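The values are calculated or read from the model by the stated rules, or taken from the named source; none is laboratory data. Everything numeric here is computed off the predicted structure, so don't read it as measured data. Cβ placement follows ideal geometry from the backbone for every residue including glycine, while neighbour counts extend to all protein chains displayed. The protein model used for the area step is the full one, side chains on, heavy atoms only, and it has no ligands, DNA or RNA in it. Shrake-Rupley method; radii C 1.70, N 1.55, O 1.52, S 1.80 Å.
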Amino acid sequence: MIAIIDYDAGNLKSVEKALKFLGEESLITRDFREILAADKVILPGVGAFGEAMDQLKKFELDKVIHEVVDRQTPFLGICLGLQLLFAGSEENSGVEGLHVLDGKILKIPDQPGLKIPHIGWNSLHLKNQGRLFQGISEGAFVYFVHSFYLQAEEERIVKASADYSVNIHASVEQKNVFACQFHPEKSSRVGMQILRNFAKLEEV
């Protein structure tokens, strides 16, 4: 069973639908017992960093996320769900994130000819043998929707990057924690393979 954490984010159903397509059983929930009993946990998200952290704290889901991570349960953050795993974001200065991973969430700088937010397909540069990217080719295209990007503190946790005005750390992995700035659930065949790889992970 894969638990999808419900904190009133916008893309919960699309993640659930993608997992169903793969034949994976999932549950959208904010119940602590259900989340802790799950084989794997996903934190999706679209929207603003500060509002999302308010929602997580309102339901005390920040506490259960830390417990899931401590238990070594495979955990996947998607889009805003990636950004929330870090200490904070330039989007809402002073708002404390989950700080599961180390790095900075920065505003994508303006560049002539590039629109912000970054919406659409972009290719990935794969590195450091990420387990989510087994069976995926260098240069594979995935779908992004974001105005802020990750700059991870340690290069070794970065498993995929993309270029859009700057070099974006598009996916990271550290022990049982995985995260993607892009939306695998909206990334066609490549995205389905990434979710399949996550679903098939053994305990870390």
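Annotations
- Note on the chain: dipole from Cβ charges, positive end direction compared against 79, 140, 37; the farthest Cα belongs to 140.
- In the full protein context, the range 1-87 carries 42 Å² of accessible surface per residue, based on a 1.4 Å probe and ignoring ligands, DNA and RNA.
- Residue order for 161, 188, 26 - accessible surface, 1.4 angstrom probe, largest first: 188, 26, 161
- The share of accessible area on the range 3-59 that comes from carbon and sulfur is 49 percent, using a 1.4 angstrom probe.
- When the helices of the chain are scored as -39500 (n - 2.57) per DSSP H run of n ≥ 4 and the total is divided over every residue, the value at 222 nm lands at -7000 deg cm²/dmol.
- Shown are 143, 149, whose ranking by accessible area with a 1.4 Å probe and every protein chain present, most to least, is 143, 149.
- Top of 130, 120, 77 by mean-square fluctuation, Gaussian network on the chain, Cα under 10 Å: 120
- Summarised in one figure, the compactness ratio Rg/Rh of the range 1-156, Cα atoms and Kirkwood Rh, is 0.95.
- Considering the range 50-138, its Cα convex hull presents a mean projected area of 7.7 nm².
- The stretch between residue 166 and residue 72 holds 30.6 nm of extra length on full extension. This uses 0.36 nm per residue minus the Cα-Cα distance.
- Exposure ranking of 171, 93 by accessible area [1.4 Å probe, largest first]: 93, 171
- Cα shape, the range 101-152, gyration tensor, a/c 1.5 rule: oblate
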